[in-house]
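**Student:** Can you keep this structure in mind? I'll have questions shortly.
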């Protein structure tokens, strides 16, 4: 197995955004448990969306996750983005961003996902 034993490096912009999201999630903790926000998972998704020339094989080699786990993670991310895209009437800018990410994500093995 030639995959690295460490996680992908988290870009500074993404790290800052995750810090902000964690603060909002923590502020809502009296009402509901905060979600698990994993920076390693966010970095993987950001790499796939942020670099359209990145191949599936390169993405899988860049992480210690199993290929099936990477696939499921990105498939679930597409599902979440499609839910955000459904908010286009009330949040058009956010929906447009979600749609752009979905278009970029649907390549190689993810091409046939709904």
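The values are calculated or read from the model by the stated rules, or taken from the named source; none is laboratory data. Note that this is a predicted model, so its numbers are computed, not measured. Heads up, the Cβs are rebuilt from the backbone with ideal geometry, glycines too, and the neighbour counts pull from every protein chain shown.
**Student:** Report the residue count in the range 37-65 for those that are modelled with pLDDT of 85 or more and either part of a loop (DSSP other than H, G, I, E, B) or within 16 Å of residue 109 (Cα to Cα) (or both).
**Tutor:** Taking the range 37-65 as the starting set, the residues that turn out to be modelled with pLDDT of 85 or more are 41-65.
Filter once more, so that each one left must be either part of a loop (DSSP other than H, G, I, E, B) or within 16 Å of residue 109 (Cα to Cα) (or both): 44-45, 47-49, 51-65.
Final tally of qualifying residues: 20.
**Student:** Write out, first by first residue and then by second, each pair whose Cβ atoms fall under 6 Å of each other, whose residues are 6+ apart or on separate chains, and whose first residue, in the range 94-114, is on the phi > 0 side of the Ramachandran plot and surrounded by fewer than 16 Cβ atoms within 10 Å (Cβ to Cβ) while the second is at pLDDT 95 or above and not in a loop (DSSP other than H, G, I, E, B).
**Tutor:** 108/56
**Student:** So is residue 74 surrounded by 13 or more Cβ atoms within 10 Å (Cβ to Cβ), under 13 Å from the mean Cα position of the chain (by Cα) and in a helix (DSSP H, G or I) or not?
**Tutor:** Numbers: surrounded by 13 or more Cβ atoms within 10 Å (Cβ to Cβ): yes; under 13 Å from the mean Cα position of the chain (by Cα): yes; in a helix (DSSP H, G or I): yes.
Spelling it out, residue 74 is indeed surrounded by 13 or more Cβ atoms within 10 Å (Cβ to Cβ), under 13 Å from the mean Cα position of the chain (by Cα) and in a helix (DSSP H, G or I).
**Student:** Is there a residue in the range 21-31 that is assigned to a helix (DSSP H, G or I), at pLDDT 85 or above, in contact with a helix residue (DSSP H, G or I) (Cβ under 7 Å, 6 or more places away or on another chain) and surrounded by 11 or more Cβ atoms within 10 Å (Cβ to Cβ)? Steps first, please.
**Tutor:** Narrowing the range 21-31 to residues assigned to a helix (DSSP H, G or I): 21-27.
Among the residues that remain, those that are also at pLDDT 85 or above are: 21-27.
Of the ones still in play, those that are also in contact with a helix residue (DSSP H, G or I) (Cβ under 7 Å, 6 or more places away or on another chain) are none.
No, there is no match, as no residue in the range 21-31 is assigned to a helix (DSSP H, G or I), at pLDDT 85 or above, in contact with a helix residue (DSSP H, G or I) (Cβ under 7 Å, 6 or more places away or on another chain) and surrounded by 11 or more Cβ atoms within 10 Å (Cβ to Cβ).
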